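A.B. asks: Below is one structure. I have some questions about it.
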Amino acid sequence: MTEKDSLEVKISGKAVLSKVLDLEECDVVTPSVSNITFYKSKPSRSRGRGVAVSSKFICYGLKKGKIRIISQVCAQFRGLVSGHENVKDMVFSPHSSNLLASLGTEGNLCVWRIGGATSEAIRAFQRGEHLDDATSSSKKKDSLTHELVFEMKGLSHVDRVDFSSKSPFELLLTSKKELILLDMVCVDGRVLFS
């Protein structure tokens, strides 16, 4: 590579911009990458997503239908959600980075409210302890809280779940033949989500 390279932009064969770039003056940014976890599950041929990301959390499906939650603030803060035979799809709400919708192969649709780190986890972190060291391997405790706030069964034909961009209480469910708009606030006249 030479010290100076030229940039030339042509429109219809005519040069409209020509500039000499001094590459020594350019700042080259090298991104840093660090592993969060090793993902050992076999890839599936599902149309759904195996990973969901919000501004606060990263979630991914595990074997036996569990979902691992990792805090983006501190990867040491983790949680584990159970509620499916296998996870078919999952997505975070664009309205709230704490709401995760998950769809299982058994047909269960779940919406989880992911909370912050438990007080025990925060104290261990402040003491400089790694959470894996602070608890015995046989009794590892989740350091992130979670709560099931909505559940609907019998949706085994549904392939994908998405939150509506217009309302935090609406979900879009898609299958090969239909698109369903689900209002979580009122289903059959009953208030289910508030």
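A.B. asks: Identify, please: which residue in the stretch 153-166 is more than 14 Å from N108 (Cα to Cα) and without any contact (Cβ under 8 Å) to a residue 60 or more places away in the chain and is, among those, least open to solvent (accessible area, probe 1.4 Å)?
C.D. replies: The qualifying residue least open to solvent (accessible area, probe 1.4 Å) is S164.
A.B. asks: While we're on this one: Would the stretch 142-154 turn up any residue that is in a loop (DSSP other than H, G, I, E, B), modelled with pLDDT of 90 or more and over 20 Å from C59 (Cα atoms)?
C.D. replies: Looking through the stretch 142-154, at least one residue is in a loop (DSSP other than H, G, I, E, B), modelled with pLDDT of 90 or more and over 20 Å from C59 (Cα atoms).
A.B. asks: Determine which single condition V158 fails, assuming it passes every other condition in (1) at pLDDT 85 or above; (2) closer than 25 Å to K63 by Cα; (3) not in a loop (DSSP other than H, G, I, E, B).
C.D. replies: The failed condition is (3).
A.B. asks: Which ones in the stretch 161-188 are of a type in the set (A, V, I, L, M) and either at pLDDT 85 or above or within 24 Å of V53 (Cβ to Cβ) (or both)?
C.D. replies: Correct list: V161, L171, L172, L173, L179, I180, L181, L182, M184.
A.B. asks: Looking only at residues in the stretch 62-78 that are surrounded by 14 or more Cβ atoms within 10 Å (Cβ to Cβ) and out of contact with any Leu (no Cβ under 9 Å at 6 or more places or on another chain), which one is modelled with the lowest pLDDT?
C.D. replies: Looking at the filtered set, the residue picked out is C74.
A.B. asks: When the stretch 98-117 is examined, which residues are found to be assigned to a strand (DSSP E or B) and either open to solvent by 10 Å² or more (accessible area, probe 1.4 Å) or without any contact (Cβ under 8 Å) to a residue 40 or more places away in the chain (or both)?
C.D. replies: Correct list: L99, G104, W112, R113, G115, G116, A117.
The values are calculated or read from the model by the stated rules, or taken from the named source; none is laboratory data. Treat the numbers as computed from the prediction; the structure is a model and nothing was measured. Using ideal geometry, Cβ is built from the backbone for each residue, glycine included, and neighbour counts are taken over all protein chains shown. In case anyone asks, the SASA skips ligands and DNA or RNA and just uses the protein heavy atoms, side chains included. Shrake-Rupley method; radii C 1.70, N 1.55, O 1.52, S 1.80 Å.
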